[in-house]
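**Q** Below is a structure I'd like to ask you about.
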Amino acid sequence: MSAPAAQPLVRIGVYGGAFDPPHLAHSALAAAAVSQLELDTLLVVPTGQAWHKARQLTSAVDRLAMTRLAFAQVLRSVVDEREILRDGPTYTVDTLRELKQQYPASQLFLLMGRDQAEALHTWHEIKEITRLAIICVAERDAPTPHPTHGQDSQPAVPGSYRSIALPRMSHSATDIRSRVASGQNLNALVCEAVARYIQDNHLYPTAR
């Protein structure tokens, strides 16, 4: 009698960020990742207490609400509150450990932009992060097989890497906050529901 076929690993994407506010490039990356990486689910994880941010983030309640609005139309995406609910500084490695314990048969895919990939060597317990998850980097127009550091053609940190192809999008949360503070509209930068939430709740009255 033959042994039963091994069950495939559940493919779980993890997309963290301040999402202050979440914009269309964020949701585009999420949708591309679900499709290109063939994810079973994508967990969108708003940052709690960001140890690496010099500025004070908008309240967790507002960022969580905007994140739910921004990713509502991204198939297989789920907004995960664990980092907001966690006491103390937010570390990606803690989230990955929790997920691996929660879903031991899963393969984790950690999503990030090129700028984050270039700074991987500064991340808390980065070697453990690369052990727990495949690093998936959004590449604009011309994807490469892995992130580089400076002019070096090797990965900044050893590990498994994948690229996510994306069209060029110059969206920036910093720019969006400045636009709101100066009274400019947010057309083609954030979804209509997020723009309305920002207006209704008087967010970003000053640029920061």
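Since every read-out is calculated from the coordinates, none of them should be taken as a lab result. Quick caveat: nothing in here was measured; it's all calculated off a predicted structure. Quick reminder, even Gly has a Cβ in these numbers, built from the backbone with ideal geometry, and neighbours come from all protein chains shown.
**Q** Given the peptides 18-24, 76-82, 131-137, arrange them by the average over their residues of other C-beta atoms within 10 Å, most packed first.
**A** On the way: 18-24: 23.4, 76-82: 17.9, 131-137: 21.4.
So the order, starting with the most tightly packed, is 18-24, 131-137, 76-82.
**Q** Suppose every Lys and Arg Cβ carries +1 and every Asp and Glu Cβ carries -1, with no other charges. What dipole size does region 10-169 come out with about its Cα centre, to the nearest 20 debye?
**A** Values: 16 positive and 17 negative charges, 23 e Å.
The dipole magnitude comes to about 100 debye.
**Q** Relative to the present Cα-Cα distance, how much length would full extension add between residue 174 and residue 119 at 0.36 nm per residue of separation? Walk me through the numbers on the way to the answer.
**A** Numbers: separation 55, 0.36 × 55 = 19.80 nm, distance 1.85 nm.
So the chain would gain 17.9 nm between residue 174 and residue 119.
**Q** Let me know the shape class of region 10-169, please: from the alpha-carbon gyration tensor, a ≥ b ≥ c as square roots of the eigenvalues, rounded when a/c is under 1.5, otherwise prolate if a/b is greater than b/c, or oblate. Can you show the working numbers first?
**A** Values: a/c = 1.29, a/b = 1.20, b/c = 1.07.
Here region 10-169 falls in the rounded category.
**Q** Let me ask something else about it. Over region 10-169, calculate the relative contact order: mean separation of alpha carbon pairs under 8 Å at least 6 apart, over the residue count, as a percent.
**A** Working: 289 pairs, mean separation 38.3, N = 160.
That works out to 24 percent.
**Q** Something else about it: Using the Cβ atoms and a cut-off under 15 Å, what net charge is assigned to the surroundings of residue 190, where Lys and Arg are +1 and Asp and Glu are -1?
**A** Values: positive: 63, 68, 177, 179, 196; negative: 20, 62, 175, 192, 200.
Result for the neighbourhood of residue 190: 0.
**Q** Around residue 77, under 12 Å between beta carbons, what's the net of Lys plus Arg minus Asp minus Glu among the other residues?
**A** Values: positive: 68, 76; negative: 40, 80.
Local net charge: 0.
**Q** Quick one: what are the phi-derived ³J(HN,Hα) couplings along region 103-112, Karplus 6.51/-1.76/1.60 with θ = phi - 60°, whole Hz, x for glycine and proline?
**A** After applying 6.51 cos²θ - 1.76 cosθ + 1.60, I find 10, x, 8, 8, 10, 9, 10, 9, 8, 6 Hz.
**Q** Within 13 Å, Cβ to Cβ, of residue 41, how many net charges do the neighbouring residues add up to if Lys/Arg are +1 and Asp/Glu are -1? Walk me through the numbers on the way to the answer.
**A** On the way: positive: 11, 76; negative: 38, 40, 80.
Summing Lys and Arg as +1 and Asp and Glu as -1 gives -1.
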